[in-house]
Amino acid sequence: MAIFFLIYSGVMFWESLSMDYYSEYGPGPGLLPLWVSGLIFVLSVAYLVMSFKKEIILLTNVLPKGEGFINVVVCMGSLVLFMVLVPFTGFLIGSTVTLFILFWRGYKWYLSLGLSASIAFIIFWVFGVMLQVPLPVNELGW
């Protein structure tokens, strides 16, 4: 992770140099990314040095086992399914299916379906209708 953040912050630092540090009205668009990416770079170097001084922790020791591992797989799988479904089915149907998969393990199927449809509709109504946030829709408009 330290190497990932080191590379990420280095790229962001390099990209922030292409923006103006100051504008005619004060701080420019490059000020905050430059300082934040520089700080992340310094902290990731410190983390990298500290990681060499500690004992090695294997990924198999960190991941949950049994039922907890199944819950993690279901959550990640439903997230991937949501990203695949939404462009074709729209937000309302895609989120209903995803929430149904998440709720199905803890509730009866009819309660899971009702909860997932209700929550998806409320979120769609609040963000899509009231706040007018553009959400992906299908041919029917939902």
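A DSSP coil position with no more than 10 other Cβ atoms inside 10 Å describes the following trypsin sites (Lys or Arg not before Pro) in the range 1-83: 54, 65. In a fully extended conformation the segment linking residue 108 and residue 72 would gain 11.0 nm over its present Cα-Cα distance, using 0.36 nm per residue. Given their separation in residues at 0.36 nm each and the Cα-Cα distance between them, residue 31 and residue 5 gain 7.4 nm when the chain is fully extended.
Write out the GluC sites (Glu not before Pro) in the range 19-97 meeting two conditions: DSSP loop, and at most 13 other Cβ atoms within 10 Å of their Cβ. Those that pass, being in a loop and sparsely packed, are 24, 55.
Taking 25 Å as the straight-line reach from the Cα of residue 108, the lysines in range (excluding those fewer than 8 positions away in the same chain) are 65.
What the range 32-142 shows is 75 Å² of accessible area per residue, with the surface traced by a 1.4 Å probe over protein heavy atoms.
Here is the list for the range 1-81: chymotrypsin sites (Phe, Trp or Tyr not before Pro) lying in DSSP coil, each with at most 15 other C-beta atoms within 10 angstrom of its C-beta, are 21, 25. Against the longest alpha carbon principal axis of the chain, how many degrees, from 0 to 90 and to the nearest 10, is the axis of helix 2-16 turned? Between helix and principal axis, roughly 80 degrees. So I have (1) 13.9; (2) 29.0; (3) 8.9, and one of them is mean projected area of the Cα convex hull in nm² calculated from this model. Which one is it? After the calculation, the listed value that fits is (1).
For residue 99, the shell of other residues with beta-carbons less than 15 Å away shows a net charge of +2, using +1 for Lys and Arg and -1 for Asp and Glu.
Ligands, DNA and RNA left out, the 1.4 Å accessible surface of the chain is 77% carbon and sulfur atoms. Using the Karplus relation 6.51 cos²θ - 1.76 cosθ + 1.60 with θ = phi - 60°, the per-residue 3J(HN,Hα) values for the range 30-38 come to x, 5, 5, x, 5, 6, 5, 5, x Hz, with x marking Gly and Pro. Reducing the range 1-58 and the range 64-89 to their Cα centroids gives an inter-centroid distance of 31 Å.
Axis of helix 109-123 versus longest Cα principal axis of the chain: the two differ by about 60°, to the nearest ten degrees. With axes computed from alpha carbons, what is the tilt in degrees of helix 67-89 against the longest principal axis of the chain, rounded to the nearest 10 within 0 to 90? Once rounded, the angle reads 80 degrees. In this calculation the C-beta distance from residue 45 to residue 18 is compared with R0 = 22 Å, giving a FRET efficiency of 0.45.
The values are calculated or read from the model by the stated rules, or taken from the named source; none is laboratory data. All values derive from a computational prediction rather than experimental measurement. Ideal geometry is used to build each Cβ from the backbone, glycine not excepted, and the neighbour counts take in all protein chains shown. SASA here: full protein model, heavy atoms, side chains in, ligands and nucleic acids out. Shrake-Rupley method; radii C 1.70, N 1.55, O 1.52, S 1.80 Å.
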